[in-house]
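K.L.:
Mind having a look at this structure? Questions to follow.
The values are calculated or read from the model by the stated rules, or taken from the named source; none is laboratory data. Worth saying up front: this structure is predicted, and the values here are computed from it rather than measured. A quick note on method: Cβ atoms are made from the backbone with ideal geometry, for glycine too, and the neighbour counts reach across all protein chains shown. Protein only, heavy atoms only, side chains kept; ligands, DNA and RNA dropped before computing areas. Shrake-Rupley method; radii C 1.70, N 1.55, O 1.52, S 1.80 Å.
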Amino acid sequence: MTSEPDHDDLDLDAIEGLCAAATPDPVFAARAREAVPRLVAEVRRLRWLVEYGACPTAGTTGTEFVLPLDEEMLAYFREMADVLVERIGISRAEAVARINALYGTRESAAWGVELMGHEPPEYWAYGTYYPDHRHRLPVGDPLADADIDFSTLPVRPAPPKDSPFWTLEE
């Protein structure tokens, strides 16, 4: 069995040299030199997602969320982010990071996002911000949540700023 080389120490100069040697076209070589650092950064980002326990397709979805979502569930997850922005008052970047960290992991993806559609987006959104409150999350319904004093609830910490779950700029 051969050991895999350490890809975090990719030699960009060597890659650049190979790109230049591979083609006599100086325009192509210049474009390759520009693209290689971006490609290396993307590989590192995807590896980081895997290291953090993100679902296997994390970072390849083309949306702000790290897990693959069909159009219906993408709209649902965006509603969850809207709830956090509008009702909690956090930035959209933090809202998306919280959702990614909680629901974009291998563990969460394994049980499937379809289950989430049985509750309103508020229910799942509040779960990214507040830990379980007396074994019951707020549901976003003013009558059902009337007995909860939100100002006294502990707040779940946001994912670290340097984690790959932050996919939007603040």
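K.L.:
Take the residues in region 145-158 that are surrounded by 12 or more Cβ atoms within 10 Å (Cβ to Cβ) and among the hydrophobic types (A, V, I, L, M, F, W, C), then tell me which one is nearest to the chain's Cα centre (by Cα). Explain how you work it out, then say what you get.
P.N.:
Filtering region 145-158 down to residues surrounded by 12 or more Cβ atoms within 10 Å (Cβ to Cβ) leaves 145, 148, 150, 153, 156, 158.
Remaining after also requiring among the hydrophobic types (A, V, I, L, M, F, W, C): 148, 150, 153, 158.
On the way: ILE148: 29, PHE150: 26, LEU153: 25, ALA158: 12 Å.
Selected residue: ALA158.
K.L.:
Mind listing whichever residues of region 46-72 are at pLDDT 85 or above and open to solvent by less than 50 Å² (accessible area, probe 1.4 Å)?
P.N.:
GLU64, PHE65
K.L.:
Could you tell me whether region 125-148 includes any residue that is of a type in the set (A, V, I, L, M), more than 30 Å from ASP70 (Cα to Cα), touching a Pro at 6+ places or on another chain (Cβ under 6 Å) and at pLDDT 80 or above?
P.N.:
Checked region 125-148: at least one residue is of a type in the set (A, V, I, L, M), more than 30 Å from ASP70 (Cα to Cα), touching a Pro at 6+ places or on another chain (Cβ under 6 Å) and at pLDDT 80 or above.
K.L.:
Can you name the number of the only condition in (1) at pLDDT 85 or above; (2) within 19 Å of the chain's Cα centre (by Cα); (3) open to solvent by 40 Å² or more (accessible area, probe 1.4 Å) that GLU107 fails?
P.N.:
Unmet condition: (1).
K.L.:
Could you grab the pairs with beta carbons closer than 7 Å, sequence gap of 6+ or different chains, first residue in region 10-33 and open to solvent by 70 Å² or more (accessible area, probe 1.4 Å) and at pLDDT 70 or above, second one assigned to a helix (DSSP H, G or I) and among the charged types (D, E, K, R)?
P.N.:
Listed pairs, sorted by first residue: ARG33/GLU16.
K.L.:
Something else now. Pairs needed: first member in region 159-170, assigned to a loop (DSSP other than H, G, I, E, B) and open to solvent by 100 Å² or more (accessible area, probe 1.4 Å); second member anywhere, at pLDDT 85 or above and among the small types (Gly, Ala, Ser); C-beta distance under 6 Å; at least 6 residues apart or different chains.
P.N.:
GLU170/SER91; GLU170/ALA93
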